[in-house]
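*Asks:* The structure's right below; bear with me while I get my questions together.
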Amino acid sequence: MLKRKNLVFLGAPGAGKGTISNLLLAKHPLAHISTGDILRAEVAAGTEAGKKAGAIMKAGKLVPDELVADMVSRRLTAPDCENGFILDGFPRTIPQADLLAAALAKLGRSLDRVIYFKVPEEVLIQRLTARLCCRGCDAIYNKLFMPPKVEGKCDKCGGELYQRADDSLETAQNRLKIFREQTAPLVEYYEKRGQLFTAAGEDSADILKQILADLE
Ligand code: AP5
Ligand code: MG
């Protein structure tokens, strides 16, 4: 069992960060910190942060570095992070990576590994535009690749499945462009620091195996 591993999941929209997080969390007691999930919850609750973030997310752009970095810094002090964590979708810019390093240093902690999910771009668009998410739990499906047993319903909790507002073709293409411009430089950033592990391929079970082999 993985314990006290502090991980970052880095990858383009649709690379499988959420899907592999769910597979890993089914057996390993790490805290899951998805900045996208936290922001969507803020938008749904109509908070100040949510009001700032909603339109930006719908356009496929990144919300301001300080806003996400503050959310993550607070979240990292929660007791469940003591067992280790997966940061899913954070950092996404070099300034965010620097802010994360500073926040962890304050807590006397550091990253064990940054897992980079390398998936060809044409596959990403296909995945994103066919994704379905559950309103009741964190389950993720895909109309083409991982359909639910009953159309429109979550296999795990029976919740309603919906398409994310940013999964239209146009917004997905914008998100991929933003990834290339602002997030991809983090691959070299973490490679230089000797913290990067690249998981390649398109089979989730195989990717999970690669990650566990690297960490154990
Ligand atoms: P976020 O929610 O993090 O979106 P993202 O990074 O664009 O990533 P996704 O959640 O779209 O993809 P994923 O890698 O999790 O893939 P998944 O497993 O779901 O962020 C949303 C927005 O919030 C951002 O655009 C930004 O505005 C804002 N934001 C968030 N963090 C921020 C930050 N740090 N700074 C600034 N702004 C931030 O899989 C995708 C689909 O593929 C699913 O349908 C799944 O079933 C399928 N699939 C997965 N693996 C496979 C496989 N092996 N084979 C076949 N299908 C697969
Ligand atoms: Mg995700």
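The values are calculated or read from the model by the stated rules, or taken from the named source; none is laboratory data. Keep in mind the model is a prediction, meaning the values are calculated, not measured. Reconstructed Cβ throughout: ideal geometry from the backbone, glycine too, with neighbour counts over all protein chains shown. Calculation scope for accessible area: heavy atoms of the full protein, side chains included, ligands and nucleic acids excluded. Shrake-Rupley method; radii C 1.70, N 1.55, O 1.52, S 1.80 Å.
*Asks:* Scan around SER34 for amide H atoms under 5 Å from its own, H built in the peptide plane at 1.01 Å from N, and keep only partners 5 or more places away or cross-chain.
*Replies:* So SER34 has HN proximity to ASP88.
*Asks:* Computed over the Cα atoms of region 1-106, what is the ratio Rg over Rh, Rh following Kirkwood?
*Replies:* Details: Rg = 13.6 Å, Rh = 14.3 Å.
Result for region 1-106 is an Rg/Rh of 0.95.
*Asks:* For region 187-198, what does the Karplus curve 6.51 cos²θ - 1.76 cosθ + 1.60, with θ = phi - 60°, yield as ³J(HN,Hα) per residue in whole Hz, taken in order and with x for Gly and Pro?
*Replies:* 4, 5, 4, 7, 4, 4, 8, x, 10, 8, 10, 9
*Asks:* Given a cut-off of under 8 Å on Cα pairs at least six residues apart, what relative contact order in percent is computed for region 148-216?
*Replies:* Reported as a whole number, the value is 12 percent.
*Asks:* Could you tell me the center-to-center distance, by alpha carbons, between region 180-207 and region 114-131 in angstrom?
*Replies:* Between the Cα centre of region 180-207 and that of region 114-131, the gap is 13 Å.
*Asks:* Beyond 22 Å, how much of the Cα-Cα pair distribution for region 115-216 remains, as a whole percent?
*Replies:* Within region 115-216, distances greater than 22 Å cover 45 percent of Cα pairs.
*Asks:* For n ≥ 4 DSSP H runs only, could you compute -39500 (n - 2.57) per run for the chain, divide by its residues and tell me the 222 nm figure to the nearest 500? Intermediate values should be presented prior to the final figure.
*Replies:* Numbers: 9 runs with 94 residues, N = 216.
The helix-only estimate for the chain comes to -13000 deg cm²/dmol at 222 nm.
*Asks:* OK, next. Using a 1.4 Å probe on the protein heavy atoms, what percent of the accessible area of the chain belongs to carbon and sulfur?
*Replies:* 52 percent
*Asks:* When only alpha-carbon atoms count, how far does the chain stretch along each of its three principal axes, as whole angstroms with the largest first?
*Replies:* Here the Cα extents, ordered largest to smallest, are 46, 39, 33 Å.
*Asks:* Please report the antiparallel percentage of DSSP beta bridges with both residues in the chain, rounded to the nearest 5.
*Replies:* Counting DSSP beta bridges with both partners in the chain, the antiparallel share is about 25 percent.
*Asks:* Let me confirm the definition first: pairs of Lys residues in region 65-216, 8 or more apart or on different chains, C-alpha distance under 25 Å. How many are there?
*Replies:* 12
*Asks:* Which number do you get for Rg(Cα) / (2.2 N^0.38 Å) in region 1-56?
*Replies:* Ratio of Cα Rg to 2.2 N^0.38 Å: 1.35.
*Asks:* Just name one of LEU161, TYR190, PHE145: the one whose Cα is farthest towards the positive end of the charge dipole of region 140-203 (beta-carbon charges, Lys/Arg +1, Asp/Glu -1).
*Replies:* Final value for the positive-end residue is TYR190.
*Asks:* Can you list residues whose amide H is under 5 Å from ARG113's amide H, if they're 5+ apart or on another chain and H is modeled 1.01 Å from N?
*Replies:* ASN6, VAL8
*Asks:* Charges only on Cβ, +1 for Lys and Arg, -1 for Asp and Glu: so what's the dipole of the chain about the Cα centre, in debye to the nearest 20?
*Replies:* Details: 31 positive and 28 negative charges, 50 e Å.
Result for the chain is approximately 240 debye, rounded to the nearest 20.
*Asks:* Restricting to Cα pairs below 8 Å that are 6+ residues apart, what does the relative contact order work out to for the chain? Please round to a whole percent.
*Replies:* 29 percent
*Asks:* Averaging the inverse of every distinct alpha carbon separation and then flipping it gives the Kirkwood radius. What is it for region 60-152, in angstrom units?
*Replies:* Evaluated over region 60-152, this radius sits at 15.9 Å.
*Asks:* Hey, what do the phi angles of region 133-146 turn into as Karplus ³J(HN,Hα) couplings, whole Hz, using 6.51/-1.76/1.60 and θ = phi - 60°, x for Gly and Pro?
*Replies:* Rounded to whole hertz, the list is 10, 8, 6, x, 9, 8, 5, 10, 10, 8, 4, 8, 9, 9.
*Asks:* On average, how much accessible surface per residue is there in the chain, in Å², for a 1.4 Å probe, leaving out ligands, DNA and RNA?
*Replies:* Numbers: 10990 Å² over 216 residues.
Solvent-accessible surface per residue comes out at 51 Å².
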